[in-house]
1. Of everything in the stretch 82-129, what is surrounded by 10 or more Cβ atoms within 10 Å (Cβ to Cβ) and on the phi > 0 side of the Ramachandran plot? Give them in sequence order.
2. So which residues in the stretch 141-158 are without any contact (Cβ under 8 Å) to a residue 60 or more places away in the chain, surrounded by 11 or more Cβ atoms within 10 Å (Cβ to Cβ) and in a loop (DSSP other than H, G, I, E, B)?
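Just so it is clear, none of the values below were taken in a lab; they were calculated from the coordinates. Bear in mind that the values here come from a model prediction, so they are computed numbers and not experimental data. All Cβ positions, even for glycine, are placed from backbone atoms using ideal geometry, and neighbour counts span all protein chains on display.
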């Protein structure tokens, strides 16, 4: 019986050289090295985040979790006669917030404390939550530090930074002979 079909050419290749016994392929070491590189890349990219992470970033995943900023969300707006900084501080009272200007830096600092105790038949519940925050802003040139005002309304702190009235745009100075 004759089978019809086409013949295929069989080629012979020399097998690739096997690595020496001491340098066997180690996929887990390669994977570990790739993961370490990936984590290092994440750490480098987080350093460039505006108002980035607080704390040390030399080893971002060492000693527990990352330390994210604990400052409140804030907006800064420049207006013709003043600058305004608004910070979201829900549930805070004005007595728990401190606004201070030192050496050209405005610092908003606060602490929130919440304690709750409940006793009913069959159980006792005690909860305590504490949280402190601080946010600092470098004051721009031309701010009248003596007239800064801070108002807390509905959980939003508005800090008004009045601008110093600008001098005339152009002044002529007389030149004297010596």
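1. Answer for the stretch 82-129, where residues must be surrounded by 10 or more Cβ atoms within 10 Å (Cβ to Cβ) and on the phi > 0 side of the Ramachandran plot: just 104.
2. Across the stretch 141-158, the qualifying residues are 142, 144, 148.
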